[in-house]
Amino acid sequence: LDSLQTPNPASTERMRAIAEQDGRYRLASDVIACDDAFKRAVLYAVGNTVVCDDLDSARELCFPRRQRGDRGEEARIKAVTLGGAVISKAGTMTGGVTRDDARSAN
């Protein structure tokens, strides 16, 4: 496990600080319970992925509104919602369940 590449601790703390500003966000590595011996493997697997309550809050985190003149140089964030939607660092959105999907499942 010692050879696994994990996120830089400074970047993890930066992401944790962002997440702690709003109760809708949590670092995935903070919500996954595991033995301390496996924490490095968890960090390797999830990196600095943020768990969001819903897709709207994930969008707000990953695609913040820019002010005029802002060059948009903020960090790219990978987010996953409790419903299963994923927003990659590249900005693509996949997965999740729509209202229509939920209705047809009943």
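Before moving on, here are some points about what is shown:
- Backbone geometry of segment 27-42 corresponds, through the Karplus equation with coefficients 6.51, -1.76 and 1.60 at θ = phi - 60°, to 3J(HN,Hα) couplings of 5, 4, 5, 7, 9, 8, 7, 7, 5, 4, 5, 9, 4, 5, 5, 5 Hz, x marking Gly and Pro.
- FRET efficiency for the Arg76 to Asp2 pair, using the beta carbon distance and R₀ = 41 Å, is estimated at 0.90.
- Near Ser88, once Lys and Arg are set to +1 and Asp and Glu to -1 for all other residues with Cβ below 14 Å from its Cβ, the sum equals +4.
- Dividing the convex hull volume of the alpha carbon atoms of segment 1-50 by its residue count gives 66 Å³ per residue.
- For Lys78, nonlocal amide neighbours, meaning residues 5 or more places apart or on other chains whose placed amide H falls under 5 Å from its own, are Val50.
- Spacing of the two label points (7 Å from each Cα toward its C-beta) at Glu60 and Ala17, in nm: 2.1
Every number in this text was worked out from the coordinates using simple rules, so none of it is lab data. Computed from a predicted model, the values in this text were never measured in an experiment. As a convention, Cβ positions derive from the backbone with ideal geometry for all residues, glycine included, and neighbour counts pool all protein chains shown.
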